[in-house]
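Okay, here's the structure, questions in a sec.
Throughout, read-outs are computed from the coordinates displayed, never taken from laboratory work. Being a predicted model, the structure only gives us computed values, none of them experimental. Here the Cβ positions follow ideal geometry from the backbone for every residue, glycine too, while neighbour counts run over all protein chains shown.
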Amino acid sequence: MCGRFVQVIDIELFVTRFGVKRPGHITVQDNYNVAPGDLAYVITNDKPDELQAFRFGLTPKWAKQPMYLINARSEGDLNKEDRPDYSGELGIINKPAFRTSIRSKRCLVIANGYFEGPKKEKLSKPFHLYKKDKSVFTFAGIWDTWANNDTGEVVNSFSIITTVSNAATNGIGHHRSPVILDKRMSANGWMIHCQWKKF
């Protein structure tokens, strides 16, 4: 699971690193604790050369009211025991909330780090995980667009895809990990810093 993450806005870095256009105006500010409902920059498959500000917490197109599905479990309802060696079917393709997005609405979620806690204490005992060189990386995400039929408001939102624990999350006693897309990333490239304050 990934319930909180850090996004430090460096437009010039984003332009160089991800090949996106510089936005006409900045709509997202630095956020050291991106929480459900907050805006964050993503890069979507349908507009790969743009930075877009989407809400953290997916609301599927068909939903009758706003939802905040922050994580999309890659195994779906499979691997209920959270075995780190699971290599079976990716059940996400069968989950009603995610099955359309995983096929056609994918995104990169830009991050500088994320917060996770042990399985029992969760974010009441958070750890800050980030790359040793403190460089930016991306989570694999999915997105959707929802319209409020009562107000006409249109909301673009996203979830972070999660998978079995990696070396870093396993090291703090957590059973899940966000899917991190960085070809240079390895378990040895991560720092873990304990944050004892509550959110």
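Please report, for the Cα atoms of region 23-125, the Rg to one decimal and the Dmax as a whole number; what are they, in angstrom?
For region 23-125, the Cα radius of gyration and maximum Cα-Cα distance read 15.6, 47 Å.
How far is the Cα center of region 1-50 from the Cα center of region 146-175, in Å?
Their Cα centres are 15 Å away from one another.
Counting DSSP beta bridges with both partners in region 72-193, what percentage is antiparallel, nearest 5?
Details: 25 of 27 bridges.
For region 72-193, the DSSP antiparallel bridge percentage is about 95.
Mean-square fluctuation check for the chain, GNM, Cα pairs under 10 Å: which of 48, 60, 96 is largest?
Of 48, 60, 96, the most mobile in the Gaussian network model is 96.
Give or take rounding to whole Å, what are the principal axis extents of the alpha carbon atoms in region 1-45, in descending order?
Result for region 1-45: principal-axis Cα extents of 29, 21, 16 Å.
Hey, another quick one. Under 19 Å Cα to Cα from residue 125, which aspartates and glutamates show up? Leave out anything in the same chain fewer than 8 places away.
Within the straight-line cut-off, residue 125 pairs with 116.
Using Cβ contacts closer than 10 Å as the measure, can you line up 78, 129 from fewest to most?
Fewest-to-most ranking of 78, 129: 78, 129.
Let me ask another. Within region 28-64, whose backbone N sits under 20 Å from a point 7 Å along Cα→Cβ of residue 149?
59-64, by backbone N distance to the label point.
Mind ranking 9-15, 102-108 by how tightly packed they are, going by the mean number of other C-beta atoms within 10 angstrom, highest first? Provide the component values of the computation, followed by the final result.
Working: 9-15: 14.3, 102-108: 18.1.
Listed from highest to lowest mean packing, they are 102-108, 9-15.
Let's test the formula: R0 of 35 Å, r as the Cβ-Cβ distance of residue 16 and residue 38. What FRET efficiency results, to the nearest 0.05?
Values: r = 25 Å, r/R0 = 0.71.
Plugging the Cβ-Cβ distance into 1/(1 + (r/R0)^6) gives 0.90.
Taking the convex hull of the alpha carbon atoms in the chain, what volume per residue do you get, in Å³? Numbers along the way, then the final one.
Numbers: hull volume 25.6 nm³, N = 199.
Here the figure is 129 Å³ per residue.
Just to verify a number: FRET efficiency for residue 30 and residue 50, C-beta to C-beta distance, R0 = 30 Å, to 0.05?
Details: r = 20 Å, r/R0 = 0.66.
Calculated value: 0.90.
How much mean residue ellipticity at 222 nm does the chain get from its helices, if each DSSP H run of length 4 or more adds -39500 (n - 2.57) and you divide by all residues, to the nearest 500 deg cm²/dmol? Mind showing how you got there, number by number?
Numbers: 3 runs with 19 residues, N = 199.
Computed ellipticity for the chain at 222 nm equals -2000 deg cm²/dmol.
Right, here's the next one. Of 21/134; 80/120; 64/95; 95/120; 61/95; 95/131, which sit over 20 Å apart, Cα to Cα? Let's see the in-between values first.
On the way: 21/134 24 Å; 80/120 16 Å; 64/95 17 Å; 95/120 26 Å; 61/95 14 Å; 95/131 32 Å.
In this structure, 21/134; 95/120; 95/131 lie more than 20 Å apart at Cα.
What ranking do 151-162, 24-35 get when scored by the average of other Cβ atoms within 10 Å per residue, highest first? If you can, show how the numbers build up before the last one.
Numbers: 151-162: 19.0, 24-35: 13.0.
The densest-packed peptide leads the list: 151-162, 24-35.
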